[in-house]
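Participant: This is the structure, below, for whatever I ask next.
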Amino acid sequence: YKFPPEEKETKLLSVEVNVGRTGAITPTAVFDSITLAGTSVSRAVLHNQQFISEKDVRIGDTILVRKAGEIIPEVIKSVSHEECSVPYELPKECPVCGSKAERDDGESVLRCPNLDCPAQLLKSIIHFASKGAMNIDGLGPANVKALLDSGTIFSVADLYTITYEQLIIIDRFADKSVKNLLKAIENSKANPLDRLVFALGIRNIGQRSATLLCERLPSMDLIMNADISVISEIDGFGDIMAESVVKAFPEP
């Protein structure tokens, strides 16, 4: 038997909108801090516009919050609205680069279509360097941001051409950290193909599907030249995943 999850009321202060590495525009509720399941909670993901509209969540509302599975904070419902409050609508443009947001058929997620959006670029490079992907030690979020802000890199490809002289003049880097980073980048070249495919951040392609794809098509040329019918025949793949792969590689 399990006790029902603890629920508490709090005030919704604002909605923060973030852009992920695939361009997904995700709203997050920011509310007065409450204690749930032994920890302090002040934020919860609102998922998408449909979720917000169904629960009629408005800024200033008294909302009911719980931890799903005693782990993930979630907004259950709006308990009451403030006088003169208005329904919340997600922005029609990307909050980072200003590109017009789009929604794919059959999806509830709003996305920024601009692949050069600074938010997408930052998170895609962080993902590329992460442990499960290319595992480039020393290239965490703060260092990636420093490289982008300084104009040292503009894409993941630039990681493989940066030099000691470019890095040593950036505030966050000293002699040892520069040498360690350059060594980690060099070591990443020996990674197997499936790590690279996963690192590229193709939508709908995780670690397991990247491995399956590379077992069936064991070179980048074979993957880039394969059509949907070939890829969709791979065990665990469907038309949507196959289409994601085929669409990804013609991108300049």
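Derivation of every value follows stated rules applied to the coordinates shown; laboratory data play no part. Since the model is a prediction, treat every value here as computed from it, not as a measurement. Methodologically, a virtual Cβ is constructed for each residue, glycine included, from the backbone with ideal geometry; neighbour enumeration extends over all protein chains shown.
Participant: Build a GNM of the chain with springs between Cα atoms under 10 Å: which of 208, 58, 111 gets the top mean-square fluctuation?
Facilitator: Looking only at 208, 58, 111, the biggest GNM fluctuation is shown by 208.
Participant: Let me ask something additional. Taking the Cα atoms only, what angle lies between the long axis of helix 175-188 and the longest principal axis of the chain, rounded to 10 degrees?
Facilitator: So the inclination is approximately 80 degrees.
Participant: Could you compute how fast the stretch 102-162 diffuses translationally, taking Rh as the Kirkwood radius over C-alpha pairs and applying Stokes-Einstein at 20 °C with viscosity 1.002 mPa s? Give it in µm² per second.
Facilitator: 169
Participant: Count neighbours as other Cβ atoms within 10 Å of each site's Cβ, and list the chymotrypsin sites (Phe, Trp or Tyr not before Pro) in the stretch 146-252 that are DSSP loop with at most 16 such neighbours.
Facilitator: Answer in residue order: 154.
Participant: May I ask for the Rg/Rh ratio of the stretch 131-170, computed from Cα atoms with Rh as the Kirkwood radius, given to two decimals?
Facilitator: That ratio equals 0.94.
Participant: Size of the dipole of the stretch 20-137 about the Cα centre, Lys and Arg at +1 and Asp and Glu at -1 on the beta carbon, nothing else charged, in debye to 20?
Facilitator: Roughly 320 debye, rounded to the nearest 20.
Participant: Still on this structure, I have one more. Using a Gaussian network model of the chain whose springs link C-alpha atoms within less than 10 Å, name the residue from 61, 221, 149 with the highest mean-square fluctuation.
Facilitator: Comparing 61, 221, 149 in a Gaussian network model of the chain, the most mobile one is 221.
Participant: Taking every alpha carbon pair in the stretch 1-49, what does the distance histogram look like in 10 angstrom bins from 0, in percent?
Facilitator: 23, 41, 27, 9, 0
Participant: Check residue 24: other-chain or 5+ apart residues with amide H under 5 Å from its amide H, H built from backbone geometry?
Facilitator: 112
Participant: Further question on the same structure: Taking 7 Å along the Cα-to-C-beta vector as the label spot, tell me the residue 220-residue 186 distance in nanometres, rounded to one decimal.
Facilitator: Each label point lies 7 Å from its Cα, and together they span 2.0 nm.
Participant: Considering the chain, which cysteines have no disulfide-compatible partner, defined as another cysteine with its Cβ under 4.7 Å away?
Facilitator: Isolated Cys, the chain: 84, 214.
Participant: So what is log10(I(q)/I(0)) for the stretch 36-150 at q = 0.17, 0.19 1/Å, when the Debye sum runs over its Cα atoms only?
Facilitator: Result of the Debye calculation: -1.07, -1.12.
Participant: Work out which GluC sites (Glu not before Pro) in the chain are exposed loop sites (DSSP not H, G, I, E or B, at most 11 other Cβ within 10 Å) and give the longest gap free of them.
Facilitator: 108-232
Participant: Go ahead and set up a Gaussian network model of the chain, Cα springs under 10 Å, then flag whichever of 85, 155, 14 fluctuates most.
Facilitator: Of the options given, 85 has the highest mean-square fluctuation.
Participant: Would you please give the FRET efficiency between residue 30 and residue 142, computed as 1/(1 + (r/R0)^6) with r the Cβ-Cβ distance and R0 = 25 Å, to the nearest 0.05?
Facilitator: With a Förster radius of 25 Å, E is 0.65.
Participant: Once the other residues with Cβ under 10 Å from the Cβ of residue 20 are scored (Lys, Arg +1; Asp, Glu -1), what is the net sum?
Facilitator: That works out to +3.
Participant: Right, here's the next one. From the phi angles alone, apply the Karplus equation (6.51, -1.76, 1.60; θ = phi - 60°) to the stretch 78-95 and give each ³J(HN,Hα) in whole Hz, x where the residue is Gly or Pro.
Facilitator: Going residue by residue, I get 8, 7, 7, 9, 6, 4, 6, 6, 10, x, 7, 10, 5, x, 7, 10, 4, x Hz, with x marking Gly and Pro.
Participant: Spin-label point model (7 Å from Cα, Cβ direction): what's the residue 80 to residue 233 distance in nm?
Facilitator: 6.4
Participant: If you average 1/r across every pair of different Cα atoms in the stretch 28-94 and take the reciprocal, what Kirkwood value do you get, in Å?
Facilitator: 12.6
Participant: Further question on the same structure: Return an integer: the convex hull volume of the alpha-carbon atoms of the stretch 121-204, in Å³ per residue.
Facilitator: Spelled out: Cα convex hull of the stretch 121-204, divided by residues, is 81 Å³.
Participant: How fast does the chain diffuse by Stokes-Einstein, in µm²/s, taking the Kirkwood radius from C-alpha pairs at 25 °C and 0.890 mPa s?
Facilitator: 117
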